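Peer 1: If you scroll down you'll find the structure; I have some questions about it.
What follows is calculated from the coordinates using simple rules that are stated; it is not laboratory data. Here the structure is a predicted model, which means the values were calculated and not measured. Backbone-built Cβ (ideal geometry, glycine too); neighbour counts: all protein chains shown.
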Amino acid sequence: MIALFFRDLKLSIRAGGGAMIGVLFFMTVVAVIPFGVGPDLNLLSRIGPAILWIGALLASLLGLDRLFQAERDDGSLDLMLMQETPLLFTVFVKCAAHWAATGLPLVIASPLLGLFMNMSEIAIGATMLTLLIGTPAITFIGAVGAAVAVSLPRGGLLVSILVLPLAIPVLIFGVSAVYAAIEDPAPFLPPLMILAAITLFFAVIGPVAAAAALRHASD
Amino acid sequence: MRLLAEGLSAKRGEDLIFNDISFALDTGEALVVTGPNGSGKSTLLRVLAGLLSPESGHLKLENAPPEIAHPSELSHYLGHRNAMKRELTVAENLSFWQRFMGDSPGGVGIALTEAVEAVGLPDIAHLPFGYLSAGQQRRMAMAKLLVAHRPIWILDEPTAALDAGADRLFADLVKAHLGKGGIVIAATHQPLGLDQTRELHMKGFEHFAGGLWHDA
């Protein structure tokens, strides 16, 4: 299993792996917002956390469709299905590797982009923390979509559409936790805890559903 | 160990591809599946590998370790695709499969360097898999059979893209595996150069009688 984790990490940083694509997309989306909104610093700092979260959500949807499709195309998926190791664990480890390669860089890049949006230190810290807790949920939800669309040649957009409704709660609680951190009356912990609960929930449900979908997609 | 298939049939979509195929293979025996294109050879092998569920019939292993749920867990499957990543080097690919698959009870896989020597390509394990020619890629996919021990080998046209020398080399690998008490099931158009094999000739849907037995 550790071998699988490191193989997937290696693949994502080699040519065509696409680990940097998500981060570049994230930076592009957030960097153009100030040009579109105009130089209103108060407005930017107010919408900053939401923009960062939307950017991160869209960026983590990129490349999700290849999660199992690449394995299917070269026949590796067949071998993974045959092993004594439950497919569930294989899927979980693949999700973890995918998050480490595409989600973690988004978390690391977010403080820099927070500066673009004129966000305070607390807002930047809170955004980073919520992204760290929330983006794994997007990967686990996305794995289900990727598994369902594994045999479709152009499943990319379909995966995003399938996944987006389920990812909305992650976005809502992620952003509301950040606003709770910077606006005084609202408590910070409850939305953060719900966000953590969503991630844990999908960390269990996602691999189960994805494994079931992969079993039925094999032909 | 004994691999038993009883009354297997499979469908692709609505069409029955084959019907009522039964055979039994003991350790050290090979089954060669022959037949024209579209007669269901690959489908049969995918059923045996547990990748397709049969429409009827079942597959079982006698005298297998009790923790094995399906014969596929004791099988290697070499399909049309090589299951190797073009971006990784041959050595990285092989060591990944070695660690990921692990060994089945009752044997150990050989070391990576020995495996690439056994397929006759000792000097190119450091190259990315995508740089190799089709024949070299196929040989390296065979090296994958050696690095992790599995008693049953399921091979779908293993010698496609191979030259005559590699054909013989592959026949030797299969013989060695059978000699160690393995089971081999191969779909092929070319003779594999094996002596003690059974043959299953698939006739396709029109003839409907299913597989016919010949003892070679």
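Peer 1: Angle, helix A:87-98 long axis vs. longest principal axis of chain A, Cα atoms, 0 to 90°, nearest 10?
Peer 2: 40
Peer 1: Once the piece of chain linking B:His80 and B:Lys180 is laid out straight, how much longer is it, given 0.36 nm per residue of separation minus the C-alpha distance between them?
Peer 2: Result for the pair: 33.4 nm of gain on full extension.
Peer 1: Once both labels are modelled 7 Å past Cα along the beta-carbon direction, what's the A:Asp74-B:His70 spacing in nm?
Peer 2: Roughly 2.4 nm, to one decimal.
Peer 1: Still on this structure, please answer the following. Give, in nm to one decimal, the length gained when the segment between B:Ala160 and B:Asp103 is fully stretched (0.36 nm per residue of separation minus the Cα-Cα distance).
Peer 2: Value of the extension gain: 17.8 nm.
Peer 1: Would you mind computing, in nm to one decimal, how far apart the modelled labels at A:Arg154 and A:Ile47 are, each placed 7 Å from Cα along Cα→Cβ?
Peer 2: Distance between label points: 3.1 nm.
Peer 1: Given 10 Å bins starting at zero, what is the percent of C-alpha pairs of region A:2-217 in each, up to the one with the largest pair distance?
Peer 2: Whole-percent P(r) values from 0 Å outward: 9, 34, 33, 17, 6, 1.
Peer 1: If you average the alpha carbon positions of region A:198-219 and of region B:142-207, how far apart do those two centres end up, in angstrom?
Peer 2: Centre-to-centre (Cα) distance: 35 Å.
Peer 1: Next question, about the same structure. Let me know the mean shielding of B:64-76 by other chains, meaning the per-residue number of their Cβ atoms within 10 Å of its Cβ. Can you show the working numbers first?
Peer 2: On the way: counts 0, 0, 0, 1, 1, 1, 2, 1, 6, 4, 2, 2, 2.
Taking the mean over all residues of the peptide, I get 2.
Peer 1: Average partner chain C-beta neighbours within 10 Å, per residue of B:96-104?
Peer 2: 5
Peer 1: Let me ask you something else. Pick out which of B:Ala161, B:Ala69, B:Ala30 has the largest mean-square fluctuation in a Gaussian network model of chain B, springs linking Cα atoms closer than 10 Å.
Peer 2: So, out of B:Ala161, B:Ala69, B:Ala30, the one fluctuating most is B:Ala69.
Peer 1: For region B:33-111, count all C-alpha to C-alpha pairs, find those more than 18 Å apart, and express that count as a whole percent of the total.
Peer 2: Values: 1756 of 3081 pairs.
Summing the P(r) tail past 18 Å for region B:33-111 gives 57 percent.
Peer 1: Stretch A:Ala31-A:Ala212 to full length: gain in nm at 0.36 nm per residue minus the Cα-Cα span?
Peer 2: Answer, rounded to one decimal: 61.2 nm.
Peer 1: Would you compute the Debye intensity of chain B from its alpha-carbon atoms alone, equal scatterers and no solvent, and pass along log10 I(q)/I(0) at q = 0.13, 0.18 Å⁻¹ to two decimals?
Peer 2: Debye intensities relative to I(0), on a log10 scale: -0.73, -1.33.
Peer 1: For each pair in A:Lys94/B:Lys175; B:Lys144/B:Lys175; B:Lys85/B:Lys180, compute the distance between the two Cα atoms and list the pairs where it is over 28 Å.
Peer 2: A:Lys94/B:Lys175; B:Lys85/B:Lys180
Peer 1: Between B:Lys60 and A:Leu132, how high is the FRET efficiency from 1/(1 + (r/R0)^6) when r is the Cβ-Cβ distance and R₀ = 45 Å? Nearest 0.05.
Peer 2: Efficiency for this residue pair is about 0.40.
Peer 1: Compute the distance in nm between two label points, each set 7 Å from the Cα along the Cα-to-Cβ direction, one at A:Phe6 and one at A:Ile122.
Peer 2: Taking the two extended label points, one gets 4.4 nm.
Peer 1: Based on DSSP, what percent of beta bridges with both residues in the protein assembly as shown are antiparallel, to the nearest 5?
Peer 2: Taking every DSSP beta bridge within the protein assembly as shown, about 50 percent pair in antiparallel fashion.
Peer 1: Let me ask something additional. Which is the longest run of chain B containing none of the GluC sites (Glu not before Pro) found in DSSP loop states (not H, G, I, E, B) with at most 11 other C-beta atoms within 10 Å?
Peer 2: Formally, the longest exposed-site-free interval is B:68-205.
Peer 1: Between B:Thr188 and B:Ser133, what FRET efficiency follows from the Cβ-Cβ distance if R0 is 22 Å, with the result rounded to 0.05?
Peer 2: Here the calculated transfer efficiency is 0.60.
Peer 1: Translational diffusion coefficient of the protein assembly as shown at 4 °C, 1.567 mPa s, Stokes-Einstein with Kirkwood Rh over Cα pairs, in µm²/s as a whole number.
Peer 2: Roughly 54 µm²/s, to the nearest whole number.
Peer 1: Once phi is turned into θ = phi - 60°, what whole-Hz ³J(HN,Hα) does the Karplus curve with 6.51, -1.76 and 1.60 give for every residue of region B:130-140, x standing for Gly and Pro?
Peer 2: Per residue, the Karplus-derived 3J(HN,Hα) values read x, 7, 7, 6, 4, x, 5, 4, 5, 5, 5 Hz.
Peer 1: Could you grab the Rg to Rh ratio for region A:137-200? Cα atoms only, Kirkwood for Rh.
Peer 2: 1.15
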